[in-house]
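The values are calculated or read from the model by the stated rules, or taken from the named source; none is laboratory data. Values in this document were obtained by computation on a predicted structure and should not be read as measured data. Note: ideal-geometry Cβ built from the backbone for every residue, glycine included; neighbour counts use all protein chains shown.
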Amino acid sequence: MTVNSIRLNRFLGSLLGQYLLVNMAYGQAFELSQSDLESLGEQVFANECASNFDCLTSWNEGEEFPSLGIGHFIWFKAGQVSPFEETFPALLNYYQVRNVEVPSWIIEGIHLDSPWQSREDFYREFDSEQSRELRRFLADTKPIQIDFIVQRLSESLDEIVISFPIDQQTTVRQLLNTLAHSHPPYGPYALIDYVHFKGTGLTPSERYQNQGWGLKQVVAAMENSPMTLYSFVHAAKQVLSNRVNNAPPIRNEQRWLPGWHKRLETYLPP
């Protein structure tokens, strides 16, 4: 399916609407233009896939699930248990809410489970008609995926605030509001990308040695630090380094840390 320019403008307009909804609780609207929104989506695609079409369907070595789309949304097979939050079925639901027709073979399964049982199985079928169709679909619907990513942020900011002790909530809200308005579009991009990249930090299963690595943990690590993007990036690097140190050795997460840190540096204005 090809998204024409009229639909693209509508999708990007809905993104701006999501930003306005987020900030009904946080004050002013983010200072983002339509071109900023397009750039944000392309930056997420570059972060996750190096803007490579084939990377729209991938399965990273050492992981137990495929990663799909510009945001590398993960998809579990039937019965799979993982500490990580599964996001691709939620994206499929979002397509349906937005009346976007997805490839029929994806939704034939009642439980929307991944059809691949292993990484080897996935790459054996990489050039199948179904896999090629899925990549084309994901490439043609990038604006919907950006919209979904922004919606995740809009639904999580207040949840993050109220997860802190009540005497800290005003400070946390002020911090998030300050970051959201820092050096547009970098501040909004930092919040949106980090929640998409490493989650909210609210999911109990996303822990190593009882320590999380999401946006909540980054905010907590900024205690007594200036409310700046530079402090945010410094705290995020610390949180992700702690994650690697706490991870099971078999996962060998140290190999990903330089790339994670490099991604965080894209949050800083030149």
- Given (1) outside any helix (DSSP H, G or I); (2) in contact with a Leu (Cβ under 6 Å, 6 or more places away or on another chain); (3) closer than 22 Å to I146 by Cβ, where does P269 come up short, assuming only one miss? (2)
- Message: Looking at F164 and the list (1) under 30 Å from S225 (Cβ atoms); (2) part of a helix (DSSP H, G or I), which single condition is not satisfied?
- Response: (2)
- Task: Just give me the residues in the range 49-78 being part of a helix (DSSP H, G or I) and either under 20 Å from T200 (Cα atoms) or without any contact (Cβ under 8 Å) to a residue 40 or more places away in the chain (or both), in sequence order.
- Result: C49, C55
- Message: Looking only at the range 93-130, count every residue that is out of contact with any helix residue (DSSP H, G or I) (no Cβ under 7 Å at 6 or more places or on another chain) and surrounded by 18 or more Cβ atoms within 10 Å (Cβ to Cβ) and tell me the total.
- Response: 2
- Query: Which condition breaks for V81 when tested against (1) without any contact (Cβ under 8 Å) to a residue 12 or more places away in the chain; (2) surrounded by 14 or more Cβ atoms within 10 Å (Cβ to Cβ); (3) part of a loop (DSSP other than H, G, I, E, B)?
  - Reply: (2)
- Restricting attention to the range 61-93, which residues are modelled with pLDDT of 90 or more, among the polar types (S, T, N, Q) and out of contact with any Ser or Thr (no Cβ under 6 Å at 6 or more places or on another chain)? Q80, T87, N93
- Query: Which one of the conditions (1) modelled with pLDDT of 90 or more; (2) over 26 Å from S118 (Cβ atoms) does S58 fail to meet, given that it meets all the rest?
  - Reply: (2)
- Item | Candidate set: the range 57-78, residues that are under 22 Å from L153 (Cβ atoms) and aliphatic (A, V, I, L, M); chosen: the one surrounded by the fewest Cβ atoms within 10 Å (Cβ to Cβ) | I74
- Within the range 109-134, work out how many residues are of a type outside the set (D, E) and within 24 Å of V195 (Cα to Cα). 2
- Task: Return yes when L153 is farther than 19 Å from H261 by Cα and buried (at least 20 other Cβ atoms within 10 Å of the Cβ) and no when it is not.
- Result: yes
- Can you name the residue in the range 206-250 that is surrounded by fewer than 16 Cβ atoms within 10 Å (Cβ to Cβ) and in contact with a strand residue (DSSP E or B) (Cβ under 9 Å, 6 or more places away or on another chain) and, of all such residues, is farthest from D193 (Cα to Cα)? P248
- Item | From the options I110, I106, residue that is closer than 22 Å to F53 by Cα and either part of a helix (DSSP H, G or I) or at pLDDT below 95 (or both) | I106
- Cβ-Cβ below 6 Å, separation at least six or inter-chain, first residue in the range 251-269 and of a type outside the set (V, I, T), second in a loop (DSSP other than H, G, I, E, B): which pairs? E253/A247; P269/H183
- Residue check for R152: within 21 Å of the chain's Cα centre (by Cα), modelled with pLDDT under 95, among the basic types (K, R) and in a helix (DSSP H, G or I): yes
- Count - residues of the range 184-205 that are surrounded by 20 or more Cβ atoms within 10 Å (Cβ to Cβ), under 23 Å from T87 (Cα atoms) and touching a residue at least 40 places away in the same chain (Cβ under 8 Å): 13
